[in-house]
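Here is the structure we will look at, set down as structure tokens.
The values are calculated or read from the model by the stated rules, or taken from the named source; none is laboratory data. Every value quoted in this text rests on a predicted model; they were computed, and no experiment measured them. Glycine also receives a Cβ, built like all others from the backbone with ideal geometry; neighbour counts cover every protein chain displayed.
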Amino acid sequence: MNDLAGKGTIITGFRNVFKVREAPILIYVVIMIAVFSFTIDRFFSMKNFEIISRQITTIGIVSVGMTLVILSGGFDLSVGAILSFAINIGGLGIVFGWPIWMVYTFMLVLGIILGWINGFLITRLAVPALIITLGTMNIYRGITMVITKGVYITPIPSVYSFIGSGYVPFLFYAAVLGIFTFVTLKTRFGRNIFAIGGAEESALYSGVPVRRYKTLVYIISGFLSALSGLILVGKSGFVQPQAGLGYELNAIAAVVIGGTSIFGGSGTIAGTFLGSVMLGIILAGLTMLAVNPYWQGLITGVLIVFAITLDSLRYLKR
Amino acid sequence: MITIEKVSKSFPGVKALDDVSFAIQYGEVHGLVGENGAGKSTLIKILSGVYPQYEGKILFDGSVHHFYSPHEAQTGGIATIFQELTVIRDLSVAENIFLGREPTRSLGLLDWNVMREKSREVLQFLDTSLDPKETVGNLSVANQQIVEICKALVLNSRIIIMDEPTSSLTEHEVDQLFITIRRLKEKGITILYVSHKIEEIFKICDSITVFRDGNHIGTVEKEKTSTDEVISMMVGRSMNMMFPPRTTRQGGLLLSVRDLSRNGEFEHVSFDLREGEIIGFAGLIGAGRTELARALFGATALDEGEIELYGNPIDHFAHPNRALSRGVAYLSEDRKGEGLMLELSIRENMSLPILKRISPYFFVKGNRERELVQSYVSKFKIRMTSVDQIVESLSGGNQQKVIISKLLLTESKVFIFDEPTRGIDVGAKYEIYKIMNDLTLEGKGIIFISSELPEVLGISDRIFCMREGKLVQEFTRDEAEPEKVMKVLAAGENLVGGDAA
């Protein structure tokens, strides 16, 4: 058994990044690229991949936060609302003429605070996270709309565009992916997240400070939503109250397509990345095929149901 | 006459019923007794159609009946009133009584008049003043039970099975229930009365069947037997072989608690635990032992009481991680819900409580972790392919060893083991006893909670009997004879008097 374990370390090391369940998604992604490349002119081009990579960054960053939340056995429907709240309320700083670092800090702190509110309520009330964040989603969006009265902040100084230009967004995305891959696999916090999502009571009885870590997960999700907001503002060049609409659905889709269990306790950041890529490719392909945009929501929905069905089949086998 | 003929039922790893045969006469109240795990519930579930697959036959007046679903059993004349009542709280009494068999008029409309009329009839027969229109959720447990009985009567059941019917009734309500049972008997209905409580059985039953370890030990007429005889049938005498030899060795005081109380769960519990000692908590399910353990471990709050640990008074633990950091570890009775993360690996499960120790600056030191885990895996001979195997794929005994290893890694001194051998096979049980024995040799103290009397008596140095949230009596290892202990546990009232502990 000893030499088996010796050989195993390389394989398990590899597996830790791409746990077995991610392999099929990787194959789907490759197949899809191949199919679109043959059917669509200019699909297989650097230019097009650059466009896709820019498109997936904002939702991709939110999806990383969503992965942590779902791994811990929770849900966060308020990510899009937090994004919008952070950039619109934080954007008042732009209107007041604050320096950019102050505006960015303010936006990120707002994301942290809203995330903390989610975490606080979820760990104190005996109500599922899904319901609580459904409520806070509407509250956060409601406040944003009341304060902004639906008005865009535009024009904004050109310094705000740097973060959204060229490959900068993708660098941020890569950093977030790297950091949280490491966090989930190598840190005490990461281990505890899996434990809480796997069986919350078992974790509690093993001495895991469940409430503290669960709250932290929503704080991270809030922070990443706000960060994604900064990039979105950079890319679009204005701040709009409707920003982040529907992000929660796309983020959840990326997470579950990426093989993370909707019941918590198992999954990877790498899987979510592949899930995001897959959604990005599908949407880009459909756009280039000039398919009616109404199909996009439908296809995302079908993919979610399909991925969740696969997930729950594993549970039914027990 | 209902004849149960050579009925057996197996689950993976356990034979729940082993070649059981006995007969129930029509119109009698037949008591079924036995310890936890004796096979009573399995038989109930077979009779009521919940377990359609079993070996052997069940005959009514000589003809075989095999029920494949609860619905079939009900139409076949067998109604079961489970310990957990199945009434729907938001519906009315009448709606509950006719649930699933509502009388209808043309077009499928409910016939409320018939429902109310018939409900009133059966309620009157049972001599209760319940209003058919009352919402069931507003009724006491005793009255909800009446509703269940009415349901059985409307179905024209010939046999009513009652599983621990008095477990949440007051003394007065128990008397009322007995009046109801006698009335049912007068009507010619057969009752199978399943209970732990010997006194009740003797009060209400005509004959008594005793199960032990899935076997039928005997069926006796009440007039021709005594409580002592029934108790000795229940506990048996086959308990010398299965336990590692134990010599009591007591060291310094580890834990001392005084007057621990938690509202509705336990009251005024006091005991001491010394180094090298195993103290057993015997009791029936619901006696408050697990609740006590959880509060002691900091998973729930205490209402009052003082705790001394290693000779110093301490505050009650506010969180399990406080308890663990002070050297108090708890193994839950619920292995899957409160012990393990089934989808995580052996390694990840075992290192969870000590992550802080092996991860300076937040990063888990993989090598150190692997080393520690590996050492326990070999020490306890956990059967696996690698420490990265997920625990779900392990056998129950090996899963339990993973939890015990996890707790040992915390280097605790006080261990609370709550039903550590539940659902594991005999060989694995012996290994767990041996581990407990070895722990005490290292000077650790163990609080051992179990509902299986033989094992409590087999490995504890002192035995505390807990009943209805109170410690009622303490026995030393030598004093503790199974009959004596069972008598204390199964007594309906406080026979032994006083708070002996």
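Just a yes or no: is a residue in the range B:118-137 without any contact (Cβ under 8 Å) to a residue 12 or more places away in the chain, within 29 Å of the chain's Cα centre (by Cα) and either part of a loop (DSSP other than H, G, I, E, B) or outside the structural domain of B:Leu43 (by TED's automatic domain parsing) (or both)? Within the range B:118-137, not a single residue is without any contact (Cβ under 8 Å) to a residue 12 or more places away in the chain, within 29 Å of the chain's Cα centre (by Cα) and either part of a loop (DSSP other than H, G, I, E, B) or outside the structural domain of B:Leu43 (by TED's automatic domain parsing) (or both).
What do you reckon, is B:Ala299 in contact (Cβ under 8 Å) with a residue 12 or more places away in the chain and surrounded by fewer than 22 Cβ atoms within 10 Å (Cβ to Cβ)? So B:Ala299 fits the description; yes. The sole residue among B:Leu471, B:Leu407, B:Leu453 that is crowded, with 19+ Cβ neighbours inside 10 Å and within 21 Å of B:Ile346 (Cα to Cα) is B:Leu407. If only residues of the range B:386-417 that are touching an Asp or Glu at 6+ places or on another chain (Cβ under 7 Å) and not charged (D, E, K, R) are counted, the one that is farthest from the other protein chains (Cβ to nearest Cβ) is B:Gly397. For the range A:187-204, the criterion of being more than 8 Å from every other protein chain (Cβ to nearest Cβ) and surrounded by fewer than 18 Cβ atoms within 10 Å (Cβ to Cβ) is met by none of the residues.
Screening the candidates A:Gly97, A:Gly73 for the property of being in a loop (DSSP other than H, G, I, E, B), at positive phi and either at pLDDT 95 or above or in contact with a helix residue (DSSP H, G or I) (Cβ under 7 Å, 6 or more places away or on another chain) (or both) yields one hit, A:Gly73. Checking A:Gly301, A:Gly246, A:Gly267 one by one, the residue that is closer than 28 Å to B:Asn349 by Cα and either modelled with pLDDT of 90 or more or within 17 Å of the chain's Cα centre (by Cα) (or both) is A:Gly267 and no other. Residue count for the range A:150-205 satisfying the condition of being touching a strand residue (DSSP E or B) at 6+ places or on another chain (Cβ under 9 Å) and small (Gly, Ala, Ser): 0.
Close Cβ contacts (under 9 Å, 6 or more residues apart or on different chains) running from residues in the range B:395-420 that are under 13 Å from B:Ile432 (Cα atoms) and touching a residue at least 60 places away in the same chain (Cβ under 8 Å) to residues that are assigned to a loop (DSSP other than H, G, I, E, B) and among the polar types (S, T, N, Q) comprise B:Gln400/B:Thr421; B:Ile403/B:Ser332; B:Asp418/B:Ser332; B:Glu419/B:Ser332; B:Glu419/B:Ser451.
Considering only residues in the range B:344-385 that are polar (S, T, N, Q) and free of Cβ contacts under 8 Å to residues at least 24 places away in the same chain, the one that is nearest to the other protein chains (Cβ to nearest Cβ) turns out to be B:Ser359. Candidates in the range B:304-341 are the residues that are more than 14 Å from every other protein chain (Cβ to nearest Cβ) and in contact (Cβ under 8 Å) with a residue 60 or more places away in the chain; of these, the one that is farthest from B:Ile449 (Cα to Cα) is B:Tyr310.
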